[in-house]
Amino acid sequence: LANLWNEGREGGYAVRHSRRPVNDFGHPQSFGDSPPEAPEENFFEKAYPYLFPYGCGGIEASRPVIVEFRDHVKWCLQYYDRHFRLNPTFSFVIFGISQRRQALAFARIQMKRRTFEADARILSTITVEKLKKAQDEEDANQPISDPAVRLLRQHIHATAARIFGSDQSRYQMRSQVWATSVSLNPPSLWITINPSNLHDPVTQIFAGENINLDTFLKMAGPDKEQRAKNIAADPYAAAKFFHFMIQTILRTLFGVEVTRFQVKSKCGILSRVSAYFGTVE
């Protein structure tokens, strides 16, 4: 807390940024026989005092029974009063941390490959000039000529392809789609399903509005302005509605039922579906 003095008088107060980076990597790990390091202050308890007003109970905080990051986040987003998911930054910070951990985990897998030491020696020859030249070649729609830059790009694509929501993961799925089309043969249907979360009363139920489905009306619920505010304030409700509608359409129209451990297919309006890919734009 810093006092902003103004001409010898007491001024306002401001909170300074710390010079020490915050650790958001979760539980400390022990290596070999050495005990784990002493836990640091929990990031979520300090960053979100409104969500954790007693300064305890944060995600991956020290507790007798370890709760995994994914399970605790799921509990927070499904909490009954919705104050976690209504926070304007909580969901996005969680998603960013999850993506970063995925990237680091898969980068570690890449580093354990037998060829990585030889690749590292090649990668160490990359200079700024080589990267600029590769950028110019890509801008001109030409293949990259430098083998070290090509190797770097290969490692980046291999790591990022396993990260949810990355461009490389979409490239990989595109290849799988084409391979499936070749393997199973036509006909193939390319369908865009775009449920409207802004005007659907089901979305408003997920967002906390009290709507009686026994007397269901098409325009039941609040007016359009309030509906827009509800969706903007609760992105989890919009995502849950989208997931619910897609699963319902797949099950009722196409006979595809997706469970946690398997995918079942039965006869639908297009007979039995051999395979399907669902991507989110």
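Read-outs: derived from the displayed coordinates by stated rules, not from any lab. Small disclaimer: the values here were computed from a predicted structure and weren't measured. Positions of Cβ are backbone-derived with ideal geometry, glycine not excepted, and every protein chain shown enters the neighbour counts.
General observations
- Taking 181, 274 and counting other C-beta atoms within 10 Å, the order from fewest to most: 274, 181
- Modelled FRET efficiency - R0 25 Å, residue 261 with residue 239, Cβ distances, 0.05 increments: 0.70
- Added length on full extension, which subtracts the Cα-Cα distance from 0.36 nm per residue, residue 129 to residue 20: 35.9 nm
- The mean of 1/r over all distinct Cα pairs in the chain, once inverted, gives the Kirkwood hydrodynamic radius of 24.2 Å.
- Between the beta carbons of residue 223 and residue 276, assuming R0 = 35 Å, the FRET efficiency works out to 0.40 to the nearest 0.05.
- FRET efficiency for residue 189 and residue 71, using Cβ-Cβ distance with R0 set to 35 Å, rounded to 0.05: 0.45
- Within region 157-200, backbone nitrogen closer than 18 Å to the virtual label 7 Å beyond the Cα of residue 98 toward Cβ: 160-170
- Radius, Kirkwood style, for region 187-281 when every pair of distinct Cα atoms is counted (Å): 15.0 Å
- Paramagnetic label zone (point 7 Å from Cα along Cα-to-C-beta, residue 269; backbone N under 12 Å) in region 224-251: 249-251
- Both radii are taken from the alpha-carbon atoms of region 93-160; with Rh as the Kirkwood radius, Rg/Rh is 1.05.
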